Structures are given as C-alpha cells and as structure tokens.
1. May I ask you to verify whether B:I209 is buried (at least 20 other Cβ atoms within 10 Å of the Cβ) and modelled with pLDDT under 95?
2. Here's a check for you: in the stretch B:214-231, which residue that is open to solvent by less than 40 Å² (accessible area, probe 1.4 Å), more than 9 Å from chain A (Cβ to nearest Cβ) and in contact (Cβ under 8 Å) with a residue 24 or more places away in the chain is nearest to B:L270 (Cα to Cα)?
3. Which of the residues that make up the stretch B:85-114 are hydrophobic (A, V, I, L, M, F, W, C) and over 21 Å from B:M171 (Cα atoms)?
4. So, in the stretch B:280-312, exactly how many residues are assigned to a helix (DSSP H, G or I), open to solvent by 20 Å² or more (accessible area, probe 1.4 Å) and either within 17 Å of B:V261 (Cβ to Cβ) or aliphatic (A, V, I, L, M) (or both)?
5. State yes or no: is B:D284 more than 14 Å from every other protein chain (Cβ to nearest Cβ) and either under 17 Å from the mean Cα position of the chain (by Cα) or not basic (K, R) (or both)?
6. Please determine, by comparing only the residues of the stretch A:14-30 that are open to solvent by less than 60 Å² (accessible area, probe 1.4 Å) and of a type in the set (G, A, S), which one is nearest to A:A69 (Cα to Cα).
7. Can you spot a residue in the stretch A:78-91 that is modelled with pLDDT of 90 or more, open to solvent by less than 40 Å² (accessible area, probe 1.4 Å), more than 10 Å from chain B (Cβ to nearest Cβ) and not in a loop (DSSP other than H, G, I, E, B)?
8. Is there any pair linking a residue in the stretch B:303-329 that is without any contact (Cβ under 8 Å) to a residue 12 or more places away in the chain to one that is outside any helix (DSSP H, G or I) and exposed (fewer than 14 other Cβ atoms within 10 Å of the Cβ), with Cβ under 6 Å and at least six apart or on different chains, and which?
Amino acid sequence: MAEVTVPLPDLGEGLIGAKVLEWLVAEGDWVERNTPLVEVETTKSAVELPSPQSGRVTRLHVEADEELAVGEPLVTFTVDDDQAGIVGTVPAEKKPSRRVRLSLPED
Amino acid sequence: MSEFSLQQALNLALRHACEDDDRVLIFGEDVGRLGGVFRVTDGLQAKFGEQRVFDTPLAESGIMGMAVGLAMAGWRPVPEIQFDGFSYPAVDQIVNQVARMHYRSRGTLPMPITLRLPSFGGIRAPEHHSESMEALFAHVPGLKVVSPSSPAEGYHLLRQSIADPDPVIFMEPKSRYWQRESFDPDAPAEQLPVGTSRIVRPGKHATLIAWGAMVSRCLQVAELAAEDGVELEVLDLRWLKPIDADGLAESVSRTRRAVVVHEAPLTAGLGAEVSTVVTERCFDTLRAPVQRVTGFDVPYPSGALEDEYLPSIDRILTAVQTTLEYRRG
C-alpha cells in the first residue's frame with residue numbers, strides 16, 4: 001500500500017489560502033474520484049473541492065475552521081501500490097490469446 | 001529475497017545510490033514532495049533532504065541544463081523528465097551539451113548524468129505520454145541508452161547507469177511499473193558490462209529481439225509458439241546504445257532466423273539498426289530476411305487505439321511464420 005497526500009490546490013484568482021468550512025468525508029472513508037471532499041471558503045466564495053483520486057482517507061490534515069495555504073497538505077489517502085500512478089491506468093494482466101498458428105518447415 | 005515491482009525496485013536503486021555516493025542528486029518535476037507521478041522517488045526527499053532530492057520548475061530544458069552545470073561542478077545528477085514526450089524541449093541540452101561536453105572539453109568535464117525517462121505506451125495515457133524515443137537518442141554520439149524489462153533488471157541497470165561515467169538515457173517501461181518479481185537486491189549480481197544483452201528464454205528455431213515492455217510480450221509469444229512445437233529464443237537487448245552485436249550474432253547464428261519487436265514507428269526505428277547488425281554478422285547463416293514488428297508510421301494514437309498500434313501477439317507470430325516459410329531463390 002502507498003500513501004498519497006493531496007495538497008490544497010490553487011483555487012485561482014490569485015488566492016493563496018482557504019479556510020475549511022466542513023469536511024464531507026471522514027478518516028477511514030473510501031472515496032471515489034470526484035467525490036465531494038471538503039467545502040472551503042476563500043475570501044471570494046465557498047467552494048466544494050472534488051477528490052482528485054480514489055482511495056481510503058487516512059488523514060485529514062486540518063480541522064474545520066482552520067486555515068491552510070495553497071500547497072499545504074489537505075488530505076492523505078492510502079491507495080494500492082498499483083494505483084499510485086497519476087497518469088494513465090495500470091494495464092490489466094490478461095491471458096494471452098492468439099489466432100495465428102505456426103508450422104515448422106519440412107526440412 | 002523480496003518481491004518488488006519495477007517502481008519499487010527503481011526507488012530502492014535510487015535510495016542505495018544516494019546512500020553510497022553523496023554526490024548523487026535527484027531532481028525533476030514532482031519528484032520531491034509528491035514522490036513522482038509513478039511513486040519512483042517516493043520517500044526520497046524525506047530521507048535525503050531537500051538539498052539532494054528536489055522539485056524543479058516545469059521546464060525540461062532547465063532540468064537538463066541544471067544537470068549539465070551540476071555535473072561540471074562534480075555532482076552525479078539523476079534528473080527525471082516526467083514523460084518521454086516532454087523530453088523534446090530538452091533535446092537541445094541533451095544533444096548539444098550533455099552528449100558533447102566530455103568530448104568538447106577534451107575529457108576534462110565528464111557528464112555522469114542519468115536521465116530517467118518514463119517511456120513507451122500501454123497505459124492508456126493522453127498524448128505525449130507514450131513515445132518511444134530510443135532511436136533518436138541512440139543516434140546521438142556521446143549518449144548511452146538503456147531500457148530495463150523487469151524489476152531486477154531495473155534495479156541493477158539503474159545502479160550501473162548512475163555509476164557510469166557517461167550520460168545514460170534510462171528509459172523506464174511505464175506499462176511494466178506494477179508487475180512484481182522476487183529478487184535480492186543485496187545479493188552480489190553478475191555485473192554485465194555496459195552494452196551486454198541477455199537471453200531470457202532459450203530456443204532454436206528463431207530469435208525474438210526486444211527491449212523494455214516488449215520483452216514480456218515476446219515471452220508470451222514464445223510460450224504460445226511452444227504449443228505449435230516452435231522453440232523461440234527471446235533476447236532482451238537491454239542496451240540500445242551501445243548495441244550488443246556479439247550477443248545478437250551469437251544467438252542468431254544458432255537459430256538462423258530473427259524478428260525484432262519494438263513499439264516505436266517502423267521507419268528509421270532501432271529495429272533497422274538491429275536488423276542491419278544481424279544481417280552483417282549472420283548473412284551466411286540466416287535462413288530468412290530479418291523481420292520487424294513495430295508500431296506504425298503515425299503519431300502514437302489515443303488509448304482506445306493503442307492495442308491496434310502496439311505489436312500484438314498475432315503480428316509477432318505472423319512475422320515468425322514468415323521467417324519459417326521463407327525459401328531462397
């Protein structure tokens with residue numbers, strides 16, 4: 001198993017931090033990608049952040065009402081080693097199949 | 001003996017290289033705090049500190065330029081470019097500086113740089129993430145090019161590349177990052193010289209020549225061919241520059257037939273070089289022209305089409321049958 005820590009993403013518009021309003025998941029929860037993770041408040045607005053990946057939540061790094069800066073750890077997931085890649089998908093190991101048969105020459 | 005995936009074996013090789021030599025530095029996009037998009041550098045910044053394992057700006061030319069300067073100052077840089085297709089912006093540094101500095105400086109400025117380059121296709125990735133660039137780099141005088149086919153190979157070849165005094169392009173087969181193999185990284189391994197290939201399955205009717213992820217594909221083909229009574233030898237070329245001409249000749253002089261398999265497009269791919277080496281060395285004993293099974297002369301396709309692009313089991317079997325049926329005259 002591997003751990004993947006997701007930092008507070010850049011929320012755009014030059015904002016450098018946010019305050020956690022409410023966690024929408026708890027430690028120990030299994031979340032799918034794009035599941036709403038947390039509601040945060042910036043100086044502009046309140047936004048729900050979707051989870052960038054699936055995994056089991058092992059640690060919430062900040063509590064409700066606490067502030068954190070962009071890039072600081074937000075949440076840590078435990079994921080299978082073979083799901084720890086960020087781009088692409090793990091190729092499935094399938095039984096090799098064929099249509100072409102071989103035949104040795106006479107000599 | 002423990003079981004390792006390729007990503008874990010490479011991580012261990014980097015860890016051991018950092019422990020053995022204080023001059024080894026690891027840097028690239030997301031290799032530090034994140035631990036790499038494929039976890040290959042996971043935990044290394046925590047262990048060796050931000051001075052030795054660090055994140056760079058998203059600028060590949062800068063990553064390689066920094067490697068050149070650090071090598072000049074006596075360090076052993078192990079930069080990562082996150083994906084094959086993103087090495088194009090760094091080609092100027094790699095070709096004009098990394099590959100030539102030792103020559104240009106009359107041997108006074110060696111470039112002991114190992115560029116880790118996650119390479120090849122097979123993981124349904126978006127554009128620029130599935131390129132096979134071995135022919136481009138193998139063509140540049142001054143560079144060595146290598147691609148491991150298994151976790152144990154990955155461990156030993158990466159240690160060897162980092163210890164090597166010359167620049168090495170280390171092409172990691174992304175589609176093989178997760179498959180596991182048991183080996184003991186601390187056991188003294190047979191140290192094969194740079195440029196040595198390895199026979200991973202002996203056979204007598206034809207030699208399949210491959211590297212990186214295509215080695216396991218060729219092993220599958222050899223397994224299926226055995227059902228038909230055809231014994232295929234599988235040769236893992238390992239080093240794509242220098243090419244093991246002696247190893248190729250030794251194998252093909254016995255089997256008398258050869259098929260080269262690679263993911264890169266056909267035209268001016270490395271298969272052409274391998275085919276020529278085999279033909280030059282084995283012209284008298286070859287029973288058939290060397291066959292090439294490769295990608296097509298098109299940009300690497302989207303994930304939905306990549307199984308049609310990559311050499312398939314049936315395409316390789318068909319090429320083998322072509323060599324079996326060939327008659328001179």
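1. It is false that B:I209 is buried (at least 20 other Cβ atoms within 10 Å of the Cβ) and modelled with pLDDT under 95.
2. Out of the qualifying residues, it is B:M214.
3. Narrowing the stretch B:85-114 to residues hydrophobic (A, V, I, L, M, F, W, C): B:86, B:90-91, B:94-95, B:98-99, B:101, B:109, B:111, B:113.
Listed by number, the residues that qualify are B:M101, B:L109.
4. Qualifying residue count, the stretch B:280-312: 4.
5. So B:D284 fits the description; yes.
6. Looking at the filtered set, the residue picked out is A:G17.
7. Scanning the stretch A:78-91 turns up no residue that is modelled with pLDDT of 90 or more, open to solvent by less than 40 Å² (accessible area, probe 1.4 Å), more than 10 Å from chain B (Cβ to nearest Cβ) and not in a loop (DSSP other than H, G, I, E, B).
8. If the second residue must be outside any helix (DSSP H, G or I) and exposed (fewer than 14 other Cβ atoms within 10 Å of the Cβ), the pairs left are B:D314/A:R99.
The values are calculated or read from the model by the stated rules, or taken from the named source; none is laboratory data. All figures in this text were calculated on a predicted structure; none of them were measured in a lab. A quick note on method: Cβ atoms are made from the backbone with ideal geometry, for glycine too, and the neighbour counts reach across all protein chains shown. Areas reflect the complete protein model, heavy atoms only, side chains present, ligands, DNA and RNA absent. Shrake-Rupley method; radii C 1.70, N 1.55, O 1.52, S 1.80 Å.
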